[in-house]
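Quick notes on the structure that follows.
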Amino acid sequence: MSAAVVCPGSFDPVTCGHVDVFARAAARFDHVVVAVLENPQKQSTFSIEERMALIEAETAGIDNLEVTRFSGLLVDFCDERGVHVVCKGLRAVQDFEYEVQMAQMNRHIGGVETVFLPSSPEHAFVSSSLVKEVVRGGRSVDGLVSERVAEALRRRLG
């Protein structure tokens, strides 16, 4: 059995920090599944299809990575895929507190382990929410997202 890992998230939009975590996970695992959360209760800037297309474009050079969608519990998705490890990036202490709770719950209810990759220093302050606010304010997001994502944000958010 090859070692596979799931990188879950909403990725609305995908940032350079996300792509960095995907690439680092791909260097350590045989197969990386980027699982894009489909949550009809949440108002997203981009549709699930748009988010997946952006991630696929940003990760086209990573051969052992696939992009798919999921809804419901992450542990159920992992069970369906036969993957028992989740990889999450951590930016700050606040991320750690939330993600450790999620990791412990996932292990408790589904036997899914979580590995954490600390963000690279240049991405430690980047979040999808902050990127959207900067674009709404008419400022540059160079280095935070790719030009492709920045253009999609400008078209969507004005």
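For segment 45-59, how many residues are in contact with a helix residue (DSSP H, G or I) (Cβ under 7 Å, 6 or more places away or on another chain), hydroxyl-bearing (Ser, Thr, Tyr) and surrounded by fewer than 19 Cβ atoms within 10 Å (Cβ to Cβ)?
1
Take the residues in segment 10-44 that are among the small types (Gly, Ala, Ser) and within 23 Å of VAL75 (Cα to Cα); name whichever of them is surrounded by the fewest Cβ atoms within 10 Å (Cβ to Cβ). Give the steps one after another, and end with the answer.
First pass over segment 10-44, keeping only residues among the small types (Gly, Ala, Ser): 10, 17, 23, 25-27, 35, 44.
Still in the list and also within 23 Å of VAL75 (Cα to Cα): 10, 23, 25-26, 35, 44.
Numbers: SER10: 17, ALA23: 15, ALA25: 25, ALA26: 21, ALA35: 23, SER44: 17.
Only one residue tops the list, namely ALA23.
Here are some residues: ARG69, ARG24. Which one is in a strand (DSSP E or B) and out of contact with any Cys (no Cβ under 6 Å at 6 or more places or on another chain)?
On the way: ARG24 fails: in a strand (DSSP E or B).
Going through ARG69, ARG24 in turn, just one is in a strand (DSSP E or B) and out of contact with any Cys (no Cβ under 6 Å at 6 or more places or on another chain): ARG69.
Picking from VAL85, VAL100, VAL115, which residue would you name as being within 17 Å of the chain's Cα centre (by Cα), under 22 Å from GLU38 (Cβ atoms), at pLDDT 95 or above and among the β-branched types (Val, Ile, Thr)? Explain how you work it out, then say what you get.
Values: VAL100 fails: under 22 Å from GLU38 (Cβ atoms); VAL115 fails: under 22 Å from GLU38 (Cβ atoms).
Just a single option satisfies the conditions, and that option is VAL85.
Residues in segment 10-20 that are β-branched (Val, Ile, Thr) and closer than 13 Å to GLU122 by Cβ: how many?
Within segment 10-20, the subset β-branched (Val, Ile, Thr) is 14-15, 19.
With closer than 13 Å to GLU122 by Cβ added as a condition, the list becomes 15, 19.
Residues in segment 10-20 being β-branched (Val, Ile, Thr) and closer than 13 Å to GLU122 by Cβ: 2 in total.
Starting from segment 107-135, keep only residues that are without any contact (Cβ under 8 Å) to a residue 12 or more places away in the chain and part of a helix (DSSP H, G or I), then list their pairs with residues that are exposed (fewer than 15 other Cβ atoms within 10 Å of the Cβ) and small (Gly, Ala, Ser) whose Cβ atoms are within a distance under 8 Å, requiring at least 6 positions of separation or different chains.
VAL134/SER140
Looking at (1) surrounded by fewer than 15 Cβ atoms within 10 Å (Cβ to Cβ); (2) in contact (Cβ under 8 Å) with a residue 40 or more places away in the chain; (3) in a loop (DSSP other than H, G, I, E, B); (4) not small (Gly, Ala, Ser), can you tell me which one ARG156 breaks?
ARG156 satisfies every listed condition except (3).
The values are calculated or read from the model by the stated rules, or taken from the named source; none is laboratory data. Small disclaimer: the values here were computed from a predicted structure and weren't measured. Counting neighbours? That spans all protein chains shown, and the Cβs are built from the backbone with ideal geometry, glycine included.
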